[in-house]
Amino acid sequence: MHLKNTILAVCVSSTLLACGGKYADIQIDKEDVHGYVNAYNAFNANYQDFLRYINSVSKPDSAQISKYDEIMYILNIQGFPDVDYFCMVNTKLKPYLEAIMENPDVERYPGIGTADLSFIEEGEKQYRKFLEDSTLSAKDKEFFRKQMAQIETTKVDLFDKQEKNRVWVQIVRENATKHTDVVLSDLEIMQLTALAGEIERLE
């Protein structure tokens with residue numbers, strides 16, 4: 001057992017120290033970001049010692065090594081072939097997390113993002129068609145008018161929050177790209193924003 005732990009320690013240490021090596025030129029895509037967020041959430045909830053190790057490349061303790069198989073399982077199911085790949089993605093995305101955490105007072109809504117909200121306008125058109133139906137009863141027309149009013153209120157609120165999110169992702173992108181060659185989409189920045197919130201909540 002001692003020999004096995006020693007071998008694992010050497011393997012993991014060698015992998016992390018090689019972070020600038022075999023994956024130095026990787027181009028991060030949306031699958032990498034999605035897998036990173038999922039894996040980081042799992043590590044943040046249950047393996048914070050691993051994250052401290054990844055971020056500091058310090059000597060692992062015996063408890064860390066005993067979790068090696070569990071850590072590799074999490075990495076593999078999220079699309080990471082090894083610790084080295086995750087380490088490099090972590091290095092390239094870290095400036096984004098830092099930019100997010102350095103601006104805690106900027107208003108943003110990770111659950112809404114900046115996606116197109118034209119579906120709301122389509123809903124409005126549909127309700128207008130219902131209201132133009134001469135066969136509708138007064139009760140049904142009143143129902144659809146209330147639905148229209150609710151949609152309008154929701155649309156104004158969502159558009160306002162989306163505009164704040166557009167300002168937010170621009171702030172993060174401008175700050176982060178000073179320190180990394182990775183340019184993320186609005187959606188990916190919002191995914192990392194949600195992740196940063198989880199990191200702060202659990203730390």
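The values are calculated or read from the model by the stated rules, or taken from the named source; none is laboratory data. Everything quoted here is computed from the prediction, not taken from an experiment. Every residue, glycine among them, receives a Cβ derived from its backbone with ideal geometry; neighbour counts consider all protein chains shown. To get the accessible areas, we keep the full protein, side chains included, count just its heavy atoms, and leave off ligands, DNA and RNA. Shrake-Rupley method; radii C 1.70, N 1.55, O 1.52, S 1.80 Å.
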Quiz item: So S137 fits all but one of (1) within 30 Å of S56 (Cβ to Cβ); (2) without any contact (Cβ under 8 Å) to a residue 40 or more places away in the chain; (3) of a type in the set (S, T, Y); what number is the exception?
Solution: (1)
Practice problem: Go through (1) at pLDDT 95 or above; (2) assigned to a helix (DSSP H, G or I) one by one and return the number of the condition E163 breaks. | Solution: (1)
Exercise. Among residues belonging to the stretch 27-46 that are polar (S, T, N, Q) and not in a loop (DSSP other than H, G, I, E, B), point out the one that is nearest to E188 (Cα to Cα).
Key: N38
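If you check I100, I71, I77, which single one turns out to be open to solvent by 80 Å² or more (accessible area, probe 1.4 Å), at pLDDT 85 or above, on the phi < 0 side of the Ramachandran plot and β-branched (V, I, T)?
So the residue among I100, I71, I77 that is open to solvent by 80 Å² or more (accessible area, probe 1.4 Å), at pLDDT 85 or above, on the phi < 0 side of the Ramachandran plot and β-branched (V, I, T) is I77.
Here's a check for you: in the stretch 135-158, which residue that is among the hydrophobic types (A, V, I, L, M, F, W, C) and either under 30 Å from the mean Cα position of the chain (by Cα) or open to solvent by 70 Å² or more (accessible area, probe 1.4 Å) (or both) is farthest from S118 (Cα to Cα)?
A138
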Practice problem: Scan the stretch 192-203 for residues that are modelled with pLDDT under 95 and not hydrophobic (A, V, I, L, M, F, W, C) and jot them down. | Solution: G197, E198, E200, R201, E203
Quiz prompt | Single residue of the stretch 103-134 satisfying the filter (surrounded by 11 or more Cβ atoms within 10 Å (Cβ to Cβ) and of a type in the set (K, R)) that is farthest from L195 (Cα to Cα) | solution = R128
